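Asks: Below is the structure I would like to discuss, written out as structure tokens.
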Amino acid sequence: MIVTVGGMILQRNLVAVVILGSVYSFLAATVLVVLDAVDVAMTEAAVGAGLSTVLILAALNLIKSHQSRSTRSVILPLVITLIVGCVIAWGTIGLPRFGDPETPMQQHVSPYYLANALRETKVPNVVTAVLASYRGYDTLGETTVIFTAGIGVLMLLSRRRRIKPLNNESE
Amino acid sequence: MKQNPIIRIIVKLLVPFIVLFALYVQLHGDLGPGGGFQAGVIMAGVVVIYSLIFGSTAAEKLISFSIIRSLIPIGVLIYVGVGLFSLIKGNNYLDYSALHAEAAVGQHMGIFVVELAVFVTVFATMTAIFYAFVERQRQNEEDPE
Amino acid sequence: MTGSQILLQLNYWLIIIVMMMGFYVVLTHENMIKKLIGLGVFQTSVYFLYIVPGKVIGGTAPIIASGYQVYSNPLPHVLILTAIVVGVATLALGLALVIRINEAYGTIEEDDLYGRGEWHQ
């Protein structure tokens, strides 16, 4: 997966970058299945590998698809990236070991959900039960966000294109 | 791509299976992985692939743009409506136990309706966004150059 | 926690490397579409950051079935499910903005945009 991302950084042809991104999403979905996150894997595969790629390609169809040569220096961003990476790595000291069932993360709310979801909602898929019933407000907010994004895109893209592009936008 | 007969035949054969798969994922969200989001995206993928192969005019004859545009808020309305229904019956907002005499069955029904609402909104939004991009391309080509 | 124990958390190292690569793309590349893609890579690595600690060794997917006792934690799955869909919504809005910028100014490279006087209003 790191090789895929490295290829994505170095490529200049944007279509190739997008296809590599789709490959990356598929690999991520496979890893997610290994990590027992089957719902997330299905969503990541459908959204990341399918829909994201299609949308970016459709957008690239409207603008040029090649990236011109960069003229900025890369030293400062590299240094910033390395420093931030090291700080985050230092933060992972406190994170639990892989697969440990005794960590605080597994203690408080999750055992309650796992023990009671079937009895209280008759739905065996705990993720769906939590998403739609125990945390229903969050899903309502998420649906509203999708709705807002759709409205936003429709508002931005449904007018006719101006013929002279160099005037200041006055609509 | 419109001229290649192999792709056209295969896509025509595949489309009903993909629709079936999307409905399967939606309705089996309780028993296995799945649910509204995945199913909505897969269904939107059906419209996308049909539009890619057969052109956007053919896709618009399949499902028209104005229907999709009016479907977007309906999902949100269903979701909010379920919550208000619980409120009217005297329970908390979005407390599904008010939907049926037995609390667990009420929860199950509530989850089903909510997943349906999510499916409708996700499908309509993703399809509408794709249509908007394609429409822009068509407008660019039709403008007097 | 000594230095060798930091190195043992290999799974987190891989996540951080991918996260920093995405961050680097957002910082340096001026092409706006590539920035959006870099942001997407960054988001994916954050999803892993949430899901990896949730796995229980010997557990299975959090779907209650007879015969399985130990399950992985379902709570991060719920959060990340929401995050993925919100991420694609943001991507779509960002792409729409890029299309409009391209039509208004003719380019999507940030250096060219800074060069023109109209960008700093």
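The values are calculated or read from the model by the stated rules, or taken from the named source; none is laboratory data. Keep in mind that this is a model prediction, so the values were computed, not measured. Reconstructed Cβ throughout: ideal geometry from the backbone, glycine too, with neighbour counts over all protein chains shown.
Asks: I'd like the residue in segment C:46-69 that is in contact (Cβ under 8 Å) with a residue 12 or more places away in the chain and part of a loop (DSSP other than H, G, I, E, B) and, out of all such residues, is farthest from the chain's Cα centre (by Cα).
Replies: Out of the qualifying residues, it is C:G58.
Asks: Restricting the search to segment B:28-71, which residues are touching a Gly at 6+ places or on another chain (Cβ under 9 Å) and of a type in the set (V, I, T)?
Replies: Across segment B:28-71, the qualifying residues are B:V41, B:I42, B:V48.
Asks: Which numbered condition trips up B:M109, out of (1) assigned to a helix (DSSP H, G or I); (2) more than 16 Å from A:V130 (Cα to Cα); (3) more than 9 Å from every other protein chain (Cβ to nearest Cβ); (4) without any contact (Cβ under 8 Å) to a residue 60 or more places away in the chain?
Replies: (2)
Asks: I would also like to ask the following. Would you confirm whether any residue within segment B:9-25 is closer than 21 Å to A:D39 by Cβ, touching a helix residue (DSSP H, G or I) at 6+ places or on another chain (Cβ under 6 Å) and within 10 Å of another protein chain (Cβ to nearest Cβ)?
Replies: yes
Asks: Look through segment C:15-38, keep the residues that are more than 8 Å from chain A (Cβ to nearest Cβ) and out of contact with any Gly (no Cβ under 7 Å at 6 or more places or on another chain), and return whichever of them is modelled with the highest pLDDT.
Replies: Here the answer is C:K35.
Asks: Moving on. Condition test on B:F119, is it touching a residue at least 40 places away in the same chain (Cβ under 8 Å), buried (at least 22 other Cβ atoms within 10 Å of the Cβ) and either touching a Pro at 6+ places or on another chain (Cβ under 8 Å) or more than 7 Å from chain A (Cβ to nearest Cβ) (or both)? I'd like the intermediate steps shown before the answer.
Replies: Values: touching a residue at least 40 places away in the same chain (Cβ under 8 Å): yes; buried (at least 22 other Cβ atoms within 10 Å of the Cβ): yes; either touching a Pro at 6+ places or on another chain (Cβ under 8 Å) or more than 7 Å from chain A (Cβ to nearest Cβ) (or both): yes.
The answer is yes for B:F119.
Asks: Identify all residues within segment B:78-93 that are more than 10 Å from chain A (Cβ to nearest Cβ) and either under 17 Å from the mean Cα position of the chain (by Cα) or outside any helix (DSSP H, G or I) (or both); write none if there are none.
Replies: Correct list: B:K89, B:G90, B:N91, B:N92.
Asks: Give me the pairs, please: first residue somewhere in segment B:4-33 and of a type in the set (V, I, T), second residue anywhere and exposed (fewer than 14 other Cβ atoms within 10 Å of the Cβ), beta-carbon distance under 8 Å, and either six or more positions apart or on two chains.
Replies: As it stands, the answer is B:I7/B:M1, since those pairs meet every condition given.
Asks: Given the conditions (1) within 7 Å of chain A (Cβ to nearest Cβ); (2) closer than 23 Å to A:D39 by Cα, and given that B:Q139 satisfies all but one, which numbered condition is not satisfied?
Replies: Going through (1) within 7 Å of chain A (Cβ to nearest Cβ); (2) closer than 23 Å to A:D39 by Cα one by one, B:Q139 breaks only (2).
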